[in-house]
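For reference, the structure is listed below as structure tokens.
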Amino acid sequence: SNMEFELSKVDDGILEIVSAHNPQIRLLTVPQGKGFDSVQSFERLHEWSSWSSRHFRKGDWLVSSPESAKEFSAIGYVFGRRLQMASQVPIGLIDASVGGTTVETWTPEEVMKGIKGKETKDLMRTWAEKIAAFDPQADLEREVAKFEQWKKKMEDQGKAIPSDRKKPNTPRSGPVADKNRPGHCYAGMIKPLEGLRVKGAIFHQGFNNCFGGSDGAKMYAQVFPEMITSWRKTFGDPQMPFGILSLCTAGEPQTAENFLKPMNDIGAMLREAQYQTFVNFREAGDETIGFASTFDFRKSWYHPQIKVPAGERIAKWALVTQYGLLKGDEYWLPPVIEEVEHAEGTIRLKMSSQIGKKDDSYSELKGFAIAGEDRRFYPAEVSYYTDGTVDNRNRPKYQKNILVLSSPFVSKPVHYRHAWARNPMTNIVGSKGIPLATQRSDDWLPEETPLKFPVPPGVD
């Protein structure tokens, strides 16, 4: 899984670290390898991380201990230790992650070349051009000129040249060795494991695919399912369980006062692509695909540090579907919108389970936006449906599996969106507390959706 965020950095990570004495858990961190020149196996080494400015021990199986666990992927560790506690069988965890990477680098280059979508073809062409245009010698000359310029400036200011700053003398490899070149991380870190018997994989990624605009989101939707299929092929198991953790939050929380601007974020389209990939596999009869949202674990520094509950949430999927230790899909499966009805200026959603609130931070259900033909979204008022029948104390009977969306500013709603922001205002969960995933009924691109609230009639 692609989640280089180690236990020592996360909220309550310290508690996990001191509790990590467990000879029934073994940890292996895969070195980043040599990209396309990587071989079947990999080195055992202390590898420098520019991300953390220090060396990490990689390429060895280590017994889980406070020492070895603290550098391991937080979500991966929490997931694995929960499976071990529940199943009482030995668990081996392999951490193959690199911070700041894209979905295309984790997908085999050959697979990327075979994807028909226009956006993926454009991406592959751009990379081919970048690689062809790179001249190592000319690049070295530019680097040398930059160094000489800097050196002269230091001398003019009477400053000493630090001993570790030498004139560049070896050409750089350039885009051919870029960690985000399509296929690069796959070739260096997944392919070397080929043929290993693996029980399953979990994958949490997306931040670095948020910079490519709506074309980038379309590309993600084309590539991600192919990546999953190619990993299953690598490990020789077309039914290998694969758990998707959707994109983490970033930035300021969406609020009632600041509702619209955060909706214009590619991150929501990426989460939609991740959830839709899950839905498509499942609808095709795939019983081993898993999914967990993470947008409600919000507390960002450069990524949210709330990882322990994310690891626990994806563990529920594995415990229900692979170990049979929790009975019932509702422990992991997000609630599903089963029917949509437009009636009396509202949108009615029939859900697969009763709906509740995640916690008491809001008195109402929050998280939906609705728009009319003019594509202007407003926060929806969300209520439970009642057909008017009453109980013996004359109170309306509510059906908690049917939600009614409305807004005084949208007389004829045509579309809804849920949790549509990078850090969304939402608290809607199923009967066992699993959040409703990011999704929408429209397919409007951000550039086609007006950003400003129109002034309501009668207001200056």
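When you look at A318, is it in contact with a His (Cβ under 8 Å, 6 or more places away or on another chain) and buried (at least 21 other Cβ atoms within 10 Å of the Cβ), yes or no?
Answer is no for this residue.
No other residue among A273, A284 is open to solvent by less than 20 Å² (accessible area, probe 1.4 Å) and free of Cβ contacts under 8 Å to residues at least 60 places away in the same chain apart from A273. Against the conditions (1) at negative phi; (2) in contact with a helix residue (DSSP H, G or I) (Cβ under 9 Å, 6 or more places away or on another chain), M154 satisfies every one except (2). Mind checking which pairs have a first residue in the range 325-337 that is on the phi < 0 side of the Ramachandran plot and touching a residue at least 24 places away in the same chain (Cβ under 8 Å) and a second that is part of a helix (DSSP H, G or I) and open to solvent by 60 Å² or more (accessible area, probe 1.4 Å), Cβ under 6 Å, 6 or more apart or different chains? Here the result reads Y331/K316; W332/K316, each pair linking the range 325-337 to a residue that is part of a helix (DSSP H, G or I) and open to solvent by 60 Å² or more (accessible area, probe 1.4 Å). If the condition is being crowded, with 23+ Cβ neighbours inside 10 Å and either at positive phi or not in a strand (DSSP E or B) (or both), then the range 431-444 contributes I434, L436, A437, T438. The set of residues in the range 375-395 being touching a strand residue (DSSP E or B) at 6+ places or on another chain (Cβ under 9 Å) and open to solvent by 60 Å² or more (accessible area, probe 1.4 Å) consists of R375, R376, E381, D387, T389, V390.
Considering only residues that are free of Cβ contacts under 8 Å to residues at least 40 places away in the same chain and loosely packed, with under 15 Cβ neighbours inside 10 Å, look in the range 172-195 and name the one that is farthest from the chain's Cα centre (by Cα).
In the first step, residues of the range 172-195 are kept if they are free of Cβ contacts under 8 Å to residues at least 40 places away in the same chain; the result is 172-173, 178.
Adding the requirement that they be loosely packed, with under 15 Cβ neighbours inside 10 Å leaves 172-173.
Values: R172: 31, S173: 30 Å.
Ranking the qualifying residues of the range 172-195, first place goes to R172.
Pairing residues of the range 129-148 that are acidic (D, E) with residues that are in a helix (DSSP H, G or I), at Cβ distances under 8 Å and at least 6 apart in sequence or on separate chains, gives D139/G174. Remark: P262 matches the filter, which requires a residue to be at pLDDT below 95 and either among the acidic types (D, E) or open to solvent by 20 Å² or more (accessible area, probe 1.4 Å) (or both). Whether a residue is modelled with pLDDT of 95 or more and within 25 Å of L247 (Cβ to Cβ) was assessed, and M85 does not pass this test.
Within the set I161, I190, I202, the sole residue that is at pLDDT below 95 and among the β-branched types (V, I, T) turns out to be I161.
Every condition in (1) under 22 Å from C248 (Cα atoms); (2) in contact with a Ser or Thr (Cβ under 7 Å, 6 or more places away or on another chain); (3) loosely packed, with under 13 Cβ neighbours inside 10 Å holds for R422 except the one numbered (3). Flag set for G158, criterion: in a loop (DSSP other than H, G, I, E, B) and either free of Cβ contacts under 8 Å to residues at least 60 places away in the same chain or hydroxyl-bearing (S, T, Y) (or both). Scanning the range 253-270 for residues that are in contact (Cβ under 8 Å) with a residue 24 or more places away in the chain and either hydroxyl-bearing (S, T, Y) or out of contact with any Phe, Trp or Tyr (no Cβ under 9 Å at 6 or more places or on another chain) (or both) yields P253, T255, A256, K261, N264. When the range 214-230 is filtered for residues that are surrounded by fewer than 20 Cβ atoms within 10 Å (Cβ to Cβ) and either assigned to a loop (DSSP other than H, G, I, E, B) or in contact with a Leu (Cβ under 7 Å, 6 or more places away or on another chain) (or both), only S214 remains. Among the residues making up the range 197-213, a single one is in a loop (DSSP other than H, G, I, E, B), among the hydrophobic types (A, V, I, L, M, F, W, C) and either in contact with a Cys (Cβ under 8 Å, 6 or more places away or on another chain) or open to solvent by 70 Å² or more (accessible area, probe 1.4 Å) (or both): F211.
If the condition is being of a type in the set (S, T, N, Q), surrounded by fewer than 21 Cβ atoms within 10 Å (Cβ to Cβ) and assigned to a strand (DSSP E or B), then the range 1-29 contributes N22, Q24.
The values are calculated or read from the model by the stated rules, or taken from the named source; none is laboratory data. Predicted model, so just to flag it, every value in this text is computed and none were measured. Note that each Cβ is placed from the backbone with ideal geometry, even for glycine, and that neighbours are counted across all protein chains shown. Accessible surface areas use protein heavy atoms only, side chains included; no ligands, DNA or RNA. Shrake-Rupley method; radii C 1.70, N 1.55, O 1.52, S 1.80 Å.
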